[in-house]
Amino acid sequence: DQQVKQNSPSLSVQEGRISILNCDYTNSMFDYFLWYKKYPAEGPTFLISISSIKDKNEDGRFTVFLNKSAKHLSLHIVPSQPGDSAVYFCAAYYNNNDMRFGAGTRLTVKP
Amino acid sequence: GAVVSQHPSWVICKSGTSVKIECRSLDFQATTMFWYRQFPKQSLMLMATSNEGSKATYEQGVEKDKFLINHASLTLSTLTVTSAHPEDSSFYICSARDDWETNEKLFFGSGTQLSVL
C-alpha cells in the first residue's frame, strides 16, 4: 500500500536554477511531512519538515509547500547547487510509530 | 547533530547463516528505533519498530522469527537475520528518534548492505 508517492524517479536541473520535487499522499490522517536527503551508501538525513497546520515552511534555499486539499507537497531548492545532487525522500507521519516514505527522486544538478 | 552508528556497513554471508546488524545512538537516548529495508529503486519499507525493554512491533508481512530484534538499552538495537537466504539480500537501514526532541525527525544509520550467497 503505497501511501506516499514520488512519481518522478529522477530530475535533472542546471546549477543556479530551481529544483522542484513533488510528492503525493493518499492518507488524509497524515499530519506531519518531512523531506530527507540521501547520498549513496549513506543513511537519509533530515532536510526540512512541515506540519499539516501550515502550507509553507522555508529554511534557507529549501522551501516545502503543502496543499492538503490536493494531498500534495513539494520541495523547492533555489538556487540549486551541484552538492544538492542526491536522492530525496518524502515522508509522512500520523502517529508515534508510523512514518511512510516515498520511493525517492534522484536529483542531479549539473554545473 | 545526533549520530546513529550502524554496523556493519556491508556483509556477505552463506545461505543458512545468521547475520546481526547493530544500530547505536551515539549521543542521545532512543527508546524507539526503526528498522527499514530498501530494495533497489524502491522506497524505504518499514520492517519493525524496536522499543527498549519490550517486544518489537512488526509490520504486516515481516516474519518475526526471521528478523529478530533486540532493543536491550536506550542506545542499542540489533536486527538479526536468521537463516539468511538470497532473497534476504537487501539494504537495511535503522533510524532512531531522540527521546528529548520534540520534533518528529528521525536520525538514520548509514545502512547495511547484506548479500546472501
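The values are calculated or read from the model by the stated rules, or taken from the named source; none is laboratory data. Bear in mind the structure is a predicted one, so any value in this text is a computation, not a measurement. A quick note on method: Cβ atoms are made from the backbone with ideal geometry, for glycine too, and the neighbour counts reach across all protein chains shown.
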TODO: Output the qualifying pairs, or none if there are none: Cβ atoms under 9 angstrom, residues six or more apart or on different chains, first residue in the stretch B:3-14 and within 12 Å of chain A (Cβ to nearest Cβ), second residue surrounded by fewer than 13 Cβ atoms within 10 Å (Cβ to Cβ) and at pLDDT 90 or above.
DONE: B:VAL3/B:LEU26; B:VAL4/B:LEU26; B:SER5/B:LEU26
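Residue-by-condition table, conditions (1) at pLDDT 90 or above; (2) within 14 Å of chain A (Cβ to nearest Cβ); (3) farther than 29 Å from B:SER15 by Cα:
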{"position": "B:LEU44", "(1), (2), (3)": "no, yes, no"}
{"position": "B:TYR58", "(1), (2), (3)": "yes, yes, no"}
{"position": "B:LEU76", "(1), (2), (3)": "yes, no, no"}
{"position": "B:VAL81", "(1), (2), (3)": "yes, no, no"}
{"position": "B:ASP98", "(1), (2), (3)": "no, yes, yes"}
{"position": "B:THR102", "(1), (2), (3)": "no, yes, yes"}
{"position": "B:LYS105", "(1), (2), (3)": "no, yes, yes"}
Open item on the list: Filter the stretch A:1-58 down to the residues that are without any contact (Cβ under 8 Å) to a residue 60 or more places away in the chain and among the basic types (Lys, Arg) and list them by number.
Closed with: A:LYS37, A:LYS54, A:LYS56
Task: Whichever residue in the stretch B:47-61 is out of contact with any Leu (no Cβ under 9 Å at 6 or more places or on another chain) and not small (Gly, Ala, Ser) and, among such residues, is nearest to B:ILE93 (Cα to Cα) - done: B:THR49
- [ ] Answer yes or no as to whether B:PHE28 is more than 11 Å from the chain's Cα centre (by Cα), of a type in the set (Phe, Trp, Tyr) and more than 10 Å from chain A (Cβ to nearest Cβ).
- [x] yes
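From A:TYR25, A:TYR39, grab the single residue that is surrounded by fewer than 15 Cβ atoms within 10 Å (Cβ to Cβ) and among the aromatic types (Phe, Trp, Tyr). Quick ask: steps written out before the conclusion?
Details: A:TYR25 fails: surrounded by fewer than 15 Cβ atoms within 10 Å (Cβ to Cβ).
Result of the check over A:TYR25, A:TYR39: A:TYR39.
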Task: Residues being within 14 Å of the chain's Cα centre (by Cα) and modelled with pLDDT of 95 or more - total across the stretch A:3-17 - done: 1
Task: Test result for B:SER115, among the polar types (S, T, N, Q), in a strand (DSSP E or B) and surrounded by fewer than 21 Cβ atoms within 10 Å (Cβ to Cβ) - done: yes
